[in-house]
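**Student:** Have a look at the structure that comes next, please.
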Amino acid sequence: MIPEITDKNVFLLLPGKVSAVVGKYVDENAVDLLDGLRKFYNSMTYKNLECEQTKMWHLGPVALYQMFNDEIVTDTL
């Protein structure tokens, strides 16, 4: 168990969240896994997620996916 989440250890929480968000994105949009990973890692959602101060690491994959999906929809308008 991580005693306290800091900028130095928040990265330990990210792989599971990224996997869940990208998996859902790939399934719902019929895109290649690598394309889905690139899109997510280049998104503002991910940039905010990896920043400990936003506390987005508290959010579950469904909430993160919704934020990511909203970002994508906004970018295409």
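The values are calculated or read from the model by the stated rules, or taken from the named source; none is laboratory data. Just so we're clear, the structure is a prediction, and the values are computed from it rather than from any experiment. Note that we place each Cβ from the backbone using ideal geometry, even for glycine, and neighbour counts take in every protein chain shown. Please note that ligands, DNA and RNA were not included when accessible areas were found on the heavy atoms of the full protein model with its side chains. Shrake-Rupley method; radii C 1.70, N 1.55, O 1.52, S 1.80 Å.
**Student:** Find the accessible area per residue for the chain; the probe is 1.4 Å, ligands and nucleic acids are left out, and the unit is Å².
**Tutor:** Per-residue accessible area for the chain comes out at 66 Å².
**Student:** Once volume of the Cα convex hull per residue in Å³ is worked out from the coordinates, which option in (i) 97; (ii) 181; (iii) 88 does it equal?
**Tutor:** Answer label, from the structure shown: (iii).
**Student:** Mind checking which of A30, A63, A20 has the largest fluctuation in a GNM of the chain, springs on alpha carbons under 10 Å?
**Tutor:** A30
**Student:** Also, I was wondering about something else. Count charges around N48 for me, please; just the other residues with Cβ under 11 Å from its Cβ, Lys/Arg as +1, Asp/Glu as -1.
**Tutor:** Result for the local shell: -1.
**Student:** Would you mind counting up the charge near N9? Only other residues with Cβ under 13 Å from its Cβ, with Lys and Arg at +1 and Asp and Glu at -1.
**Tutor:** Taking every other residue near N9 into account, the sum is -3.
**Student:** I'd like the carbon and sulfur percentage of the solvent accessible area for segment 31-77, probe radius 1.4 Å, heavy atoms only, ligands and nucleic acids excluded.
**Tutor:** 60
**Student:** Can you figure out the FRET efficiency of M44 with E4, using R₀ = 22 Å and their beta-carbon distance, to the nearest 0.05?
**Tutor:** Efficiency computed from Cβ-Cβ geometry: 0.30.
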